[in-house]
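Derivation of every value follows stated rules applied to the coordinates shown; laboratory data play no part. Note that the coordinates shown come from a computational prediction; the quantities given were computed from them, not determined experimentally. Glycine gets a Cβ as well: all are built from the backbone with ideal geometry, and neighbour counts include every protein chain shown.
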Amino acid sequence: MAQNVRIAVVGSGYVGLVAAVCFAEIGHSVVCVDNDERKVKALQGGDTLIHENHLPELLGKYRNGRVTFTTDLGEATKNSDVIFVAVGTPQSETGDADLSYVEAVAAEIARSINGYKVIVEKSTVPVYTNEWIRRVIERNGVDKHLFDVVSNPEFLREGTAVEDFLHPDRIVVGSDSPRAAELLRAIYAPLTEGAYYKQEGHITGICNTEELPPILLTSTKSAEIIKHASNAFLALKISFINAVANICEEADANVEQVAKGMGLDARIGPRFLRPGIGYGGSCFPKDVSAFRSVAEQMGLGFNLLAEVERINEQQKKRFIAKVRSTLWTLRGKKLAVLGLAFKGDTDDIRESPAIDLVQTLLAEGCSVAAFDPAAMGRAKLELPEGPNCKYVCDPYEAANDADALLILTDWAEFGQLDLARLNKSMRYSIIVDGRNMYEPEAMAEAGFHYTSVGRPSAH
Ligand code: NAD
């Protein structure tokens, strides 16, 4: 029988909420805290508020049972042994991580500590954050033997967050205290020792369904750096293939063939070698910037990361240039936009390159009819509906009478459109595909002038 640990998760966003229901799924009792009262009420009522596979079913299963929701961090602290901090760590104006939410939570936890507690950094934070948390708690009068601070970075991807949490590639636990490390080991034991995967009705994952996830024990600082370095490396991979895609465009080569040839090398691997309109989301842009900032503060230049960011910005500009070069002038052009989320399978539009591109196109005088399967509600807050910006119910309505159709998010359904129907409804048969969802030859055969990323245009 797995050990049931009393857990508090602070922050009920993409990471905190998923972690909370997944900890319940592997047998623990969880109280999930947020200081947004509206959010807590909605979650108590069974509304997940975010679009994530399996989340509604898990919330339905555990709400008011093994998972409860509250705004009261003090009570949650008193009633838990391990407190996961999963609040936001956004980018500050100077480029580094804004840790004020983490600090506020640490101070509040300190005021309610009533016995030994393990405070876990689940948020993505720069190296040394554990020491600051420790200092804040001690400054609030807590004896240093009454708590430990552990780093347990989260690697889930939005869109597959629940599967990723329950089938991780690895679990990293950075702890300088054997006692705290043992508690974390016990929490994850149903995954690392496999009992969860034998459970009837367990949620299956996309990868690593055969092997048990390894748990990697490190120092706290190493764990903090593992997370930043991993995200920076993934962003680097994306910028790298985007830079290669641009060379392919100039040389009339095909980046998909190049990426395949590179990816077959086991040392490189095929994942994250997908060219497009640049990375976005709530993690990569801020984490690359924060990691660069950490290096700079240490007197170590990390210009490689500045270049990763430059290529990413350039990629959006290149996309606009492509739209311009297919349409000649932009003022007054009617564009169908497919996709607003920063990637497929999520409603998250934070730092979405799609939103950025639509803003530029609107400023250039285009009008836009946009469709996204999940992100339109959030997008309306950034791009309000108006005479030049409307939201429609499906891709065909977006395409109606459009001068061109732009694919900006890699939702699988955008790769399965009824091309004949689309062609009939558009004013001009022009597609600019920022996600390489189609084969150029097939699009030419279907009667489109088709431009994508890093591949010869077809018409
Ligand atoms: P989010 O914005 O979706 O959620 C953060 C939540 O914290 C919000 O609900 C907010 O109301 C709450 N909060 C803020 N201050 C609080 C306080 N003082 N007390 C209680 N609640 C408070 O953010 P997220 O996407 O879940 O990310 C959280 C952290 O996890 C970030 O550091 C992020 O970098 C990291 N991370 C995110 C992802 C991802 O894919 N989203 C993946 C891995 C790691």
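Just rank Asp394, Asp347, Asp372, fewest to most, by other beta-carbon atoms within 10 angstrom. Could you put the intermediate results ahead of the total?
On the way: Asp394 12, Asp347 21, Asp372 26.
In increasing order of surrounding Cβ atoms, one gets Asp394, Asp347, Asp372.
May I ask for log10 I(q)/I(0) of the stretch 401-444 at q = 0.17 Å⁻¹, from a Debye sum over the Cα atoms as equal point scatterers with solvent left out?
Calculated log10 I(q)/I(0) at the listed q: -0.44.
Output the relative contact order of the chain, whole-number percent, from Cα pairs under 8 angstrom with separation of 6+ residues. Intermediate results must be reported in sequence, preceding the final value.
Working: 924 pairs, mean separation 53.5, N = 459.
Computed value for the chain: 12 percent relative contact order.
Within the chain, which complete DSSP H helices have Cα atoms spanning at least 18 Å along the helix axis and a mean Kyte-Doolittle hydropathy of -1.0 or higher? Kindly include the intermediate steps, with their values, before the conclusion.
On the way: long enough: 178-192 (20 Å, 0.36); 220-251 (47 Å, 0.50); 284-297 (19 Å, -0.32); 303-327 (36 Å, -0.64).
Qualifying helices, which must be both long enough and hydrophobic enough, are 178-192, 220-251, 284-297, 303-327.
Give the Cα extents of the stretch 309-385 along the principal axes, in whole Å, largest first.
32, 30, 17
Please rank Ile277, Ile203, fewest neighbouring Cβ atoms within 10 Å first, as an exposure proxy. Kindly include the intermediate steps, with their values, before the conclusion.
Numbers: Ile277 28, Ile203 18.
Ordered from fewest to most neighbouring Cβ atoms within 10 Å, Ile277, Ile203 come out as Ile203, Ile277.
What fraction of the Cα pairs in the stretch 315-451, stated in percent, has a spacing above 27 angstrom?
Working: 824 of 9316 pairs.
Of all Cα-Cα pairs in the stretch 315-451, 9 percent lie more than 27 Å apart.
Can you spot the lysines whose alpha carbon is less than 19 Å from Lys343's alpha carbon? Ignore those fewer than 8 places along the same chain.
The qualifying lysines are Lys237, Lys286, Lys316, Lys317, Lys380.
Can you show me the helix-derived [θ] at 222 nm for the chain, built from DSSP H runs with n ≥ 4 at -39,500 (n - 2.57) apiece and divided by the number of residues, rounded to the nearest 500.
Details: 18 runs with 197 residues, N = 459.
Here the helix-only value at 222 nm equals -13000 deg cm²/dmol.
Taking N as the number of residues in the stretch 6-218, what value does Rg over Cα atoms divided by 2.2 N^0.38 Å take? Don't skip to the end; give the middle numbers.
Numbers: Rg = 16.3 Å, N = 213, 2.2 N^0.38 = 16.9 Å.
Taking the Cα Rg and dividing by 2.2 N^0.38 Å, one obtains 0.97.
Averaging over every viewing direction, what projected area does the convex hull of the Cα atoms of the stretch 1-81 cover, in nm²? Intermediate values should be presented prior to the final figure.
Numbers: hull surface 19.4 nm².
Mean orientational projected area (the stretch 1-81, Cα hull): 4.9 nm².
Given the convex hull of the Cα atoms of the chain, what is a quarter of its surface area in nm²? Walk me through the numbers before you get to the answer.
Details: hull surface 90.8 nm².
If you wrap the Cα atoms of the chain in a convex hull and average its projections, you get 22.7 nm².
Taking the Cβ of each residue in Glu210, Glu193 as the centre, tally the other Cβ atoms inside 10 Å and list the residues starting with the fewest. Intermediate values should be presented prior to the final figure.
Numbers: Glu210 6, Glu193 13.
In increasing order of surrounding Cβ atoms, one gets Glu210, Glu193.
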